[in-house]
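Below: the structure, in structure tokens.
What follows is calculated from the coordinates using simple rules that are stated; it is not laboratory data. Everything numeric here is computed off the predicted structure, so don't read it as measured data. Neighbour counts are summed over all protein chains in view; Cβ atoms, including those assigned to glycine, are modelled from backbone coordinates with ideal geometry.
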There are 4 protein chains.
Amino acid sequence: MVSLLRALPATTPEMLAAFGDAALLRAALAFEAALAEAEAGAGVIPASHASAIGAACVEEHFEIGALAEAAAHAGTLAIPLVARLREVVAAADAGAAASVHKGATSQDVADTAVMLQAKSGLALIGRDLAVLRGDLAALARAHAETPMLARTLLQVALPTSFGLKVAGWLAGIDAAGARLAREAGGALAVQFGGAAGTRAGLGGQGGGQGAEVAHRMAAVLGLASPALPWQAQRDGIAGLGAALAILVGALAKMARDISLLAQGEVAEAFEPREAGRGGSSAMAHKRNPTGCQVVLSAALRAPGLAATLFATMPGEHERGLGGWQAEAPVLAELFLLAHGALSALVPVIAGLDVDALAMRRNLDAAGVGEDWGEAPEMVWRAVP
Amino acid sequence: MVSLLRALPATTPEMLAAFGDAALLRAALAFEAALAEAEAGAGVIPASHASAIGAACVEEHFEIGALAEAAAHAGTLAIPLVARLREVVAAADAGAAASVHKGATSQDVADTAVMLQAKSGLALIGRDLAVLRGDLAALARAHAETPMLARTLLQVALPTSFGLKVAGWLAGIDAAGARLAREAGGALAVQFGGAAGTRAGLGGQGGGQGAEVAHRMAAVLGLASPALPWQAQRDGIAGLGAALAILVGALAKMARDISLLAQGEVAEAFEPREAGRGGSSAMAHKRNPTGCQVVLSAALRAPGLAATLFATMPGEHERGLGGWQAEAPVLAELFLLAHGALSALVPVIAGLDVDALAMRRNLDAAGVGEDWGEAPEMVWRAVP
Amino acid sequence: MVSLLRALPATTPEMLAAFGDAALLRAALAFEAALAEAEAGAGVIPASHASAIGAACVEEHFEIGALAEAAAHAGTLAIPLVARLREVVAAADAGAAASVHKGATSQDVADTAVMLQAKSGLALIGRDLAVLRGDLAALARAHAETPMLARTLLQVALPTSFGLKVAGWLAGIDAAGARLAREAGGALAVQFGGAAGTRAGLGGQGGGQGAEVAHRMAAVLGLASPALPWQAQRDGIAGLGAALAILVGALAKMARDISLLAQGEVAEAFEPREAGRGGSSAMAHKRNPTGCQVVLSAALRAPGLAATLFATMPGEHERGLGGWQAEAPVLAELFLLAHGALSALVPVIAGLDVDALAMRRNLDAAGVGEDWGEAPEMVWRAVP
Amino acid sequence: MVSLLRALPATTPEMLAAFGDAALLRAALAFEAALAEAEAGAGVIPASHASAIGAACVEEHFEIGALAEAAAHAGTLAIPLVARLREVVAAADAGAAASVHKGATSQDVADTAVMLQAKSGLALIGRDLAVLRGDLAALARAHAETPMLARTLLQVALPTSFGLKVAGWLAGIDAAGARLAREAGGALAVQFGGAAGTRAGLGGQGGGQGAEVAHRMAAVLGLASPALPWQAQRDGIAGLGAALAILVGALAKMARDISLLAQGEVAEAFEPREAGRGGSSAMAHKRNPTGCQVVLSAALRAPGLAATLFATMPGEHERGLGGWQAEAPVLAELFLLAHGALSALVPVIAGLDVDALAMRRNLDAAGVGEDWGEAPEMVWRAVP
């Protein structure tokens, strides 16, 4: 959705930037520069060509509006981008223009670029996830022995401790974070297959440079270098999308609980008060759980997006028609939603307003006794 | 996705504008102006206040970047918008500021604005759908008696006519267009419920003005006025989303067939040649079915988006937390994809390059005889 | 899911029967009998053949276990079914066997059969929806002036009346019921296209009987007869699936609200007590909202199923590979879930245990005054 | 879907059994027996009680039809199951009845049972995946140097080798298999939390037996024993569902390619001929790609099902209402579809009818030269 008014409540300026036009342009140029550098290293093109190409791969030579229009017409960004890059290179070194994009194809650029953007996105998520986990651990320990009512099927159940509830949240986040890291390990790979996925056109005799070029590119770009190009095997993107959707689900589990605890009749925990946040255009007394709202919205949107990434997998032959092309905007949307949800929840947990007296009062009113089983020791064991 | 480079291949500048920031701002201001006009008409506020408010409801008084940031913080666009509107009004008529947004709430603005945007979007779709249907009818008639091979389960079957294939496409589009019109009839309604959905705060004695205000607003805005506010009953949006997804599916049925006919080994029909479209960054001989690609991509993305609009329906109480807030960007995305797909297909059908000789040749090669049943008369009956 | 233990909590024995093996077999036989009758009427086959075929089209001649195994192997039910039908017919009238299934193909049987099953399913839903709507209307009127707290974003808002809440529920159900009826009107159609969708093989001279046969079959089966066979245009099934998912969403809106009202700390409305329902295997004091649980589960499952019916639309050529074949079990699942949800909610509404005193008490405790706007008159207007 | 006629084409009798009623009953009884054994080992109940309970936990004492009906009414299987188990135990040892289900709750049974069923399901998938991978590796090596046309965007591209295409398929399957194993490692865990997730009710003094009981149960059942009960953290099930959907996608990638190669005009590879499979009820000459059809159908259904498992994650408090209850049938459906797809594809690959001459002919006809880059060496490196 190209609308700040609709996008900003759901995500962060940082993640918008990571998946914005400028970042995509930079990532595509990084691909072309790394390709040239790798091909020079492998002896496929002269080193001087690689230098000329590297020097030309800077944003300033490209105009996003014009590129966007041309890409929409051509059906792919790489065509106008490479054409413009050749112009820029030729202006400095006419001979080097022929070495631009050598052996590569549009999808190589597109796939590698989205992986570079994903890498940036994962760094943002990783950074904020670490904060959230620390805050959750502290909260769980602080309330390991704070009694409250457990509720099952939205009904009064038996006593538990607030710390045990929080330890459960943390367990969910830990698992989601570990899955995301695992999927990133597999997915963040360079794509380099050329027109037909055979790494033809490198001009080599006897071949073999393809693997070396891919390997060198991967090193330059900080990506993995898989055994085969993955232009027609899309499970890495699907796995990444699934991991993001599951992270959003784990965040939304907390938002669900907090929003229920913040109901007027329960009143056991609240989002922190923040000036200008959570107000109502009609009711001055409202203190809306705006952080939880962002997270719960994300959790309604993420499943359908992840499903799309499963649906695109069975593409046609060496490069499908319509499937892989649908993935980049959907994966981007998942990053936007996941970071929006995470960033909305971090301050909620950091400043959560816990009313232990209200917890005690509601527990007493329920008349379900005092047996909270092993709640405190479960917390100590899980969050040492 | 706030990225032109990723959005433009999938949609049109027109639909981007219809769901862009400026259009959303205009729609929200149209709500506030219509509300004031309706309330003046119903005697709830002085006519002079309505005039002052109407005069202030112009884009120029508002700065989108600042609004977007404030809305992200507040959790809703209406709060900063109404605050700024009050300022602008007060500068011209201090007394009128108190009549701004009277009896309304944030969701009233948001829901009505999205319906105004949907109305614009539907007009664009309706316009292009009429062209497509005309072209399909002409194509079906022109080829009512062009023999070709029917294919079932991706295998050679028996003879049919190309006109019958096209008549089937048209039937799918007709049904999808009719459904979209029906759903629009139900969904494009003004939302006016106030803080609790009770239309309180209109300052009336004995009440009753709420319905009149809603009715007058609807007339001003060109929307329907349902018996009750719909802030907590979201089936209209879900129905609209489903109709858009089904339209995309009907378009993609054509794109699927055309892309299969355009395979090198089949070679019976092709997208029209257009300079700079469908090329390859690696292979000069390619004539890629770029229009079909856009449509097939849309068809992979629409189902998950429509599913989200079903999932948001069971919101909490008088105004839910996270559900309805997730809808506007998802509905917008469906409009973007549907119009992108439609606009990509219109020129494909208008200029479809049909090779009747190749159809004949493939049919002969299959050796399945000449019995095409009632193919031509089926066309004449369905597309008179 | 072939498991009673898992299916029964989610649906009803009636709907299980409507979409069970015996019903499918009966529907497929009804197709074959109607086809023979229609073809005899149109002069395509002798009347005596139609009689022999009609007499053979009874369940007792077929064994479901064997058919299921053979259908799984053949990839379609029609092949073993027609083979067995020919045997049965031949035993009575050797000549008539050649008239079995004349001009039809597997998908004609499969698609028409699912429509006959859908018709049964819609009758069950229609019957129970009428009861629910009557009960909701009565409940809305009875509580038009019962004050309660409106809640927005899960926070205390302003006063409303319980009747207005119920009137909103009813509006959602009315809209969903109307949409379902509209979609059924379009979708419940006979499918008769033959091997290539051209209605070949009817042995006519000059053709034209295809339309007459289809028309007569439709009359016999109580289905519509569209202008063209719809084997490759699947929007009818997609529309029906969407309407079912939206109905489930409208039901779940009620279940959401009731389950929130039934929370111990709110305690304003409860599912009726019923012996053996809603108990806990661990806590004797529990009164779980089991009806709401069934409805909310259905609402989590329906969106993904409806999305599948959008995704299958772009099938290949005259009869796709994998797409339409995926639809019948998914549509069946939607019927099962929708009727399960409806049947779970009917007794909840009929016996809803409303605590008006608790509503008053919570409203007073919130301290938000007494202004409920036009709540009562809104009810009277919407539910006269 | 409780219909053999609809279920069998999509899945296998083995997987139907693994998720059938009898298997579910056995798994639930295995939970109760393991619980008793573990509690006896931890000193929570007398060893003689555990023996009596273990002896009673045999299928023969339970009647599935009656249990299904009672479970549907009660809203959970555990209530009638435990009631009946107590009867059976009491008949042998009156005192032991009080030790049945001690400290456990319905969800403990349900969640652990589904994990035991998943374990069986994973074993079936693992077994057949090993066969498929072996066959793919052999096929890739056999055709490492078989030239064919690569096709991109459904258009003629450049030469490649069939072995490289197959090596790509294998890479997708390897990745999907590894992901499934990883997710199983995390998800296949015992659930034991008791009524409120606190492991209360074990009768201990000082507590601590809960962890020991869980640990012992896990050992008996062959499941993992996580740090905390997971009744409210559902990411394991979501991850498992995602991995199954991705496996289906990787299988469908092959089915897509094979079905396109098997088109009459391409004719490069075919499913093996098998008597009675792939026929047409209307056309004797057809050789339908029935295996591919099953796989492609599964790939259209799996995404929506996996999305449901993401959507259920944000459940309410210690045990949600409607969310987790929706998961078991959906996860079962994913297992059914995944094994159906896998089992349909194994014989297709094992007996794939590859026409290398046709590949050569189509390649020559395309006139795109002979440069297949590093195709053969890419195969040797990837599939040593």
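Could you give the DSSP H helices of chain C that reach 27 angstrom or more along their long axis (alpha carbon positions) and whose average Kyte-Doolittle hydropathy is no lower than -1.0?
C:21-41, C:106-142, C:162-187, C:235-261, C:290-311, C:323-350
So for the stretch C:7-104, averaging the separation of alpha carbon pairs under 8 Å that are six or more residues apart and normalising by length, what relative contact order in percent results?
27 percent.
Roughly how big is the protein assembly as shown's charge dipole about its Cα centre, with Cβ charges of +1 (Lys, Arg) and -1 (Asp, Glu), in debye to the nearest 20?
That gives a dipole near 0 debye.
By what distance, in whole Å, do the Cα atoms of the stretch D:27-178 stretch along each of the three principal axes, largest value first?
78, 34, 25
Over chain A, what is the relative contact order in percent, taking alpha-carbon pairs closer than 8 angstrom and at least six residues apart?
That works out to 22 percent.
Return the long-range amide H neighbours of C:TRP230 (sequence gap of 5 or more, or a different chain), with a cut-off of under 5 Å between placed amide H atoms.
HN-HN under 5 Å from C:TRP230: C:PHE192.
Hey, could you pull the Cα Rg and Dmax for the stretch B:7-104, both in Å?
Both quantities, over Cα of the stretch B:7-104: 14.8, 50 Å.
One-quarter of the Cα convex hull surface for the stretch B:53-110, in nm²?
Averaging across all directions leaves 3.9 nm² for the Cα convex hull.
Only Cα pairs within less than 10 Å get springs; with that Gaussian network setup on chain C, which residue of C:GLY163, C:GLY291, C:GLY279 has the largest fluctuation?
Of C:GLY163, C:GLY291, C:GLY279, the most mobile in the Gaussian network model is C:GLY279.
Enter the mean number of other protein chain beta carbons within 10 Å of the beta carbon of each residue in A:139-146, as an integer.
Mean shielding by partner chains, rounded to a whole number: 0.
Taking only the alpha carbons of the stretch B:282-384, what extent do you get along each of the three principal axes, in Å, biggest first?
So the three principal-axis extents are 65, 44, 26 Å.
Going by average Cβ density within 10 Å per residue, which order do the peptides C:313-323, A:128-138 take, highest to lowest?
My ranking of the peptides, most packed first, is C:313-323, A:128-138.
Just name one of A:ALA17, A:THR76, A:VAL58: the one whose Cα is farthest towards the positive end of the charge dipole of the stretch A:7-104 (beta-carbon charges, Lys/Arg +1, Asp/Glu -1).
In the stretch A:7-104, that residue is A:THR76.
Select the chain C residue whose beta carbon lies nearest to the rotation axis carrying chain C onto chain A, and write the distance in whole Å.
C:GLU265, 2
About the Cα centre of the stretch D:1-136, how large is the charge dipole given +1 on each Lys and Arg Cβ and -1 on each Asp and Glu Cβ? Please answer in debye to the nearest 20.
Taking the Cα centre of the stretch D:1-136 as origin, the dipole is about 240 debye.
From the label point of A:GLY369, set 7 Å along Cα to the beta carbon, how far off in nm is each other copy's matching point, shortest first?
4.8, 8.0, 8.2
In nm to one decimal, list the spacings between the D:GLU60 label point and its equivalents in the other copies, with label points set 7 Å along Cα to Cβ, shortest first.
When each copy's label point is compared with this one, the spacings are 3.8, 8.8, 9.2 nm.
Which value results for Rg/Rh of the stretch A:76-159 when Rg is the Cα radius of gyration and Rh the Kirkwood radius based on the inverse mean 1/r?
Value, to two decimals: 1.48.
Considering only chain C, what is the antiparallel percent among its DSSP beta bridges, to the nearest 5?
Once the DSSP bridges in chain C are tallied, antiparallel ones form about 90 percent.
In whole Å, what are the extents of the stretch C:223-266 along the principal axes defined by its C-alpha atoms, from largest to smallest?
Result, largest extent first: 59, 18, 8 Å.
Please compare each pair in D:LYS165/D:LYS253; A:LYS253/D:LYS102; A:LYS119/D:LYS253; A:LYS165/C:LYS253 to a cut-off of 21 Å on the Cα-Cα distance and tell me which ones are over it.
Long pairs (Cα-Cα over 21 Å): A:LYS253/D:LYS102; A:LYS119/D:LYS253; A:LYS165/C:LYS253.
Using the Cα centre of the stretch B:116-201 as the reference point, and only Cβ charges (+1 on K/R, -1 on D/E), how large is the resulting charge dipole? Debye, rounded to the nearest 20.
Dipole magnitude for the stretch B:116-201 comes out near 200 debye.
As a check on your grasp of the helix formula, calculate [θ] at 222 nm for the protein assembly as shown: sum -39500 (n - 2.57) over DSSP H runs of n ≥ 4, divide by the residue count, round to the nearest 500.
After summing the helix terms and dividing by residue count, I get -21000 deg cm²/dmol.
Report, by chain and number, residues whose modeled amide H sits under 5 Å from the one on D:VAL156, excluding near sequence neighbours (fewer than 5 apart, same chain).
Residues meeting the criterion, in which the H sits 1.01 Å from N, are B:GLY264.
Considering every residue in C:208-221, what mean count of other chain Cβ atoms within 10 Å of its Cβ is obtained?
1
Report, for the protein assembly as shown, the % of DSSP beta bridges that are antiparallel, rounded to 5.
Among the beta bridges of the protein assembly as shown, antiparallel pairing accounts for roughly 80 percent.
Once the mean 1/r over all distinct Cα pairs of chain D is inverted, what Kirkwood radius in angstroms do you read off?
Result for chain D, one decimal place: 23.2 Å.
Roughly how many whole Å is it from the C-alpha centroid of the stretch A:325-384 to that of the stretch C:197-266?
Using only Cα atoms, the two centres lie 43 Å from each other.
Give me, ordered by chain and number, the residues 5 or more places off C:ALA269 or on other chains with an amide H under 5 Å from its own placed amide H.
Residues meeting the amide H criterion: C:ALA262, C:ASP355.
Note the distances from C:ALA224 to each other copy's matching label point, with points 7 Å along the Cα-to-beta-carbon direction, in nm, sorted shortest first.
1.9, 5.1, 5.2
Note the per residue figure in Å³ for the convex hull of the C-alpha positions in the protein assembly as shown.
Here the figure is 161 Å³ per residue.
Summarise the partner chain shielding of C:252-263 as one whole number: the mean count of Cβ atoms from other chains within 10 Å of each residue's Cβ.
Per-residue shielding by partner chains comes out at 6.
Would you kindly state how much longer the chain becomes between B:ARG381 and B:GLU69 on full extension, computed as 0.36 nm times their sequence separation minus their alpha carbon distance, in nm to one decimal?
106.6 nm
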